[in-house]
Ligand SMILES: [Zn+2]
């Protein structure tokens, strides 16, 4: 485990295959797998992790950004304000960007995946340990 910092940072900038694996694994754990037809791409940045998905209803590409505060909360196994929790899956409750569509585009973020994104962001100094600590404190410790 030691001496792996460099590869963690690399993962942070190219974690799309990694994420796909995680989603597959989680999908089979959840017994659903209904979301597997979504093509999900992620990019990490200062404002958070952006998920690019295509609307299941109209096909419009949507970008859903999960900010770092939300990532830390999900990584702690909790639901950020406004998110939905269903069948062990957490997702932001956001409508499709196409105003005529009205479909809810679900981006599933597993606590495992969120924790990994947060760790990578810490390694890349996108977020500070103080920031993560203060959010965890607000959650009431563990
Ligand atoms: Zn749509």
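We did not get these values from a lab; they are worked out from the coordinates using the rules stated. Everything numeric in this text was worked out from a predicted model, so none of it was measured. In this analysis, Cβ positions are derived from the backbone assuming ideal geometry, glycine residues included, and neighbour counts consider all displayed protein chains.
Here the simple spin-label model places points 7 Å from the Cα toward Cβ, and for residue 47 and residue 104 these points are separated by 2.4 nm. Shown for 81, 117, 54: other C-beta atoms within 10 Å of each C-beta, ranked fewest to most, produce the order 81, 54, 117. Ranked by the mean number of other Cβ atoms within 10 Å of their residues, highest first, the peptides 91-97, 65-71 come out as 65-71, 91-97.
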